[in-house]
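The values are calculated or read from the model by the stated rules, or taken from the named source; none is laboratory data. The structure presented is a predicted model; accordingly, all values stated were derived computationally and were not measured. Neighbour counts are summed over all protein chains in view; Cβ atoms, including those assigned to glycine, are modelled from backbone coordinates with ideal geometry.
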Amino acid sequence: MEYDMKVTWDDIERATIEGVFIVHGRSIGVSGTAIDVWKRHPEAVFNTSVPTDRNTDTIDLVLSDFELPGEEQDKVAQPYLRSASDE
């Protein structure tokens with residue numbers, strides 16, 4: 001199940017390390033892979049989804065795919081997301 005919540009780098013105060021951040025009252029898990037995407041594309045906007053690992057009660061949502069405003073989806077950035085899911 002996905003949520004219509006979008007997260008920008010500014011929403012997490014341009015953090016440079018992975019972690020759990022509160023955005024609009026929800027705890028969002030942010031991976032190092034997402035940080036890498038933001039370092040290359042600071043304007044990227046991530047969609048969110050419910051974490052597949054529900055063993056934790058501390059994370060409401062995780063970042064999933066992302067969009068680049070005003071552009072088609074950037075194919076170069078796609079491997080960053082795939083590598084995160086492979087870990």
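For the subset of region 67-87 comprising residues that are modelled with pLDDT under 75 and in a loop (DSSP other than H, G, I, E, B), which member is surrounded by the most Cβ atoms within 10 Å (Cβ to Cβ)?
Among those that are modelled with pLDDT under 75 and in a loop (DSSP other than H, G, I, E, B), it is Asp74.
Residue by residue through region 30-66, note down the ones that are at pLDDT 95 or above and small (Gly, Ala, Ser).
Ser31, Gly32, Ala34, Ala44
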